[in-house]
Amino acid sequence: MISDSAQLKQVFINLAVNALQAMEATVTPELHLTVGRLENTAWISVQDNGAGIPPEIVGRIFDPFFTTKGPDKGTGLGLSICSSIARKYSGDISVESEPGSGSIFTVSFPAAEASAVAPVLTGQEAEPSVRPGEWANYKILVVEDEDVLRRLIQEVLRSHFGCRVDAAANGAEGLTRATQQQYDLIVSDVRMPELSGVELFMRLREKQPFMARRFLFVSGYAGEEKLDHEIRCCNAPLVAKPFSIAALTAACLPLLKATRSGAVPSR
Ligand SMILES: Nc1ncnc2c1ncn2[C@@H]1O[C@H](COP(=O)(O)OP(=O)(O)OP(=O)(O)O)[C@@H](O)[C@H]1O
Ligand SMILES: [Mg+2]
């Protein structure tokens, strides 16, 4: 089993970034992340509906320094790193692709005993009930300064809830957007330059008190005393980084439901 979650995260981010880049020209981009377990094998697959991979190069994409992107865009190391991490843990990585339709990368590993499998691999809570179109009219704002993570969270929430998801690269931009229009949910990093997530929360609460119930923090700094204290004072839920997709969507769901049930004032 993979005990080093940072390496698993790296595999996942490399695959997701490739998928996002492959979908740059796709009109309705879709990124699907699936986790599962079959007997003694656990797997994660990342599927996109992007450009796909021509058959004549598919055999080379795992080679170090092989890239079809410009020198300023890609080093060609992403997939070779994924492949070494998979091999290091006795795993495997495979690809199926159809030019013009998209690609699916699957990383598989020998599974640990059920009780020892890290939450990110269990897939137990992977399908919180969301009916098609249920949240279509809702608007979520993601405030995160890390580019890749911002795009990932945005993509994940957009594909999971099927609603509009805007993004801001720091707290100040988040505040501007949130005062220009009303969001049903704000998912914000805590530590950011210019204006932190906590400051964003406080300023927004001053202007629109009901927004305090529409706020979810994501933070890589859980356990840091001062920040923990600040977050506790906000009394808003927190998802600690690194988080699984299921944990993120599961944390968003009750906040969206509270908006709908009228527990939080007017939409
Ligand atoms: N999801 C995908 N869809 C289409 N092509 C892909 C996809 N993933 C990888 N490729 C192809 O495989 C090549 C190698 O990918 P790899 O991740 O190793 O390097 P890169 O993305 O070009 O650069 P880097 O990851 O270092 O920024 C890419 O240049 C691209 O041609
Ligand atoms: Mg790459």
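Annotations
- S45 falls short on exactly one of the conditions (1) in contact with a Gly (Cβ under 9 Å, 6 or more places away or on another chain); (2) over 25 Å from F243 (Cβ atoms); (3) polar (S, T, N, Q), and that condition is (2).
- Within the stretch 7-29, tally of residues that are modelled with pLDDT under 85 and either open to solvent by less than 60 Å² (accessible area, probe 1.4 Å) or in the same structural domain as R158 (by TED's automatic domain parsing) (or both): 5
Rundown of residues vs (1) more than 24 Å from the chain's Cα centre (by Cα); (2) surrounded by fewer than 16 Cβ atoms within 10 Å (Cβ to Cβ), yes/no style:
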site: V58; (1), (2): yes, yes
site: P64; (1), (2): yes, yes
site: D72; (1), (2): yes, yes
site: T75; (1), (2): no, yes
site: C82; (1), (2): no, no
site: S90; (1), (2): yes, yes
site: E96; (1), (2): no, yes
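- All helices (runs of 4 or more DSSP H) inside the stretch 1-109 with 3 or more residues being in contact with a helix residue (DSSP H, G or I) (Cβ under 9 Å, 6 or more places away or on another chain) and either more than 10 Å from ligand 1 (Cβ to nearest atom) or under 22 Å from E155 (Cα atoms) (or both): 5-22, 78-88
- Residues in the stretch 85-105 that are farther than 15 Å from I53 by Cα and more than 14 Å from ligand 2 (Cβ to nearest atom): A86, R87, K88, Y89, S90, G91, D92.
- Being in contact (Cβ under 8 Å) with a residue 24 or more places away in the chain and farther than 26 Å from S90 by Cα holds for only one residue in A16, A25, and it is A25.
- From D92, D72, D63, residue being under 24 Å from A246 (Cα atoms) and of a type outside the set (F, W, Y): D92
- Elements of type strands (runs of 3 or more DSSP E) contained in the stretch 157-244, each with 1 or more residues being of a type in the set (F, W, Y) and in contact with a Pro (Cβ under 9 Å, 6 or more places away or on another chain): 215-219
- G59 in contact with a strand residue (DSSP E or B) (Cβ under 6 Å, 6 or more places away or on another chain) and either at positive phi or at pLDDT 95 or above (or both): no
- Among the conditions (1) away from ligand 2 (no atom under 16 Å from the Cβ); (2) more than 23 Å from the chain's Cα centre (by Cα), A42 misses just one, which is (2).
The values are calculated or read from the model by the stated rules, or taken from the named source; none is laboratory data. Here the structure is a predicted model, which is why all the values come from computation and not from measurement. So basically every Cβ, Gly included, is an ideal-geometry build from the backbone, and we count neighbours across all protein chains shown. Ligands, DNA and RNA are excluded from the accessible area calculation, which covers all protein heavy atoms including side chains. Shrake-Rupley method; radii C 1.70, N 1.55, O 1.52, S 1.80 Å.
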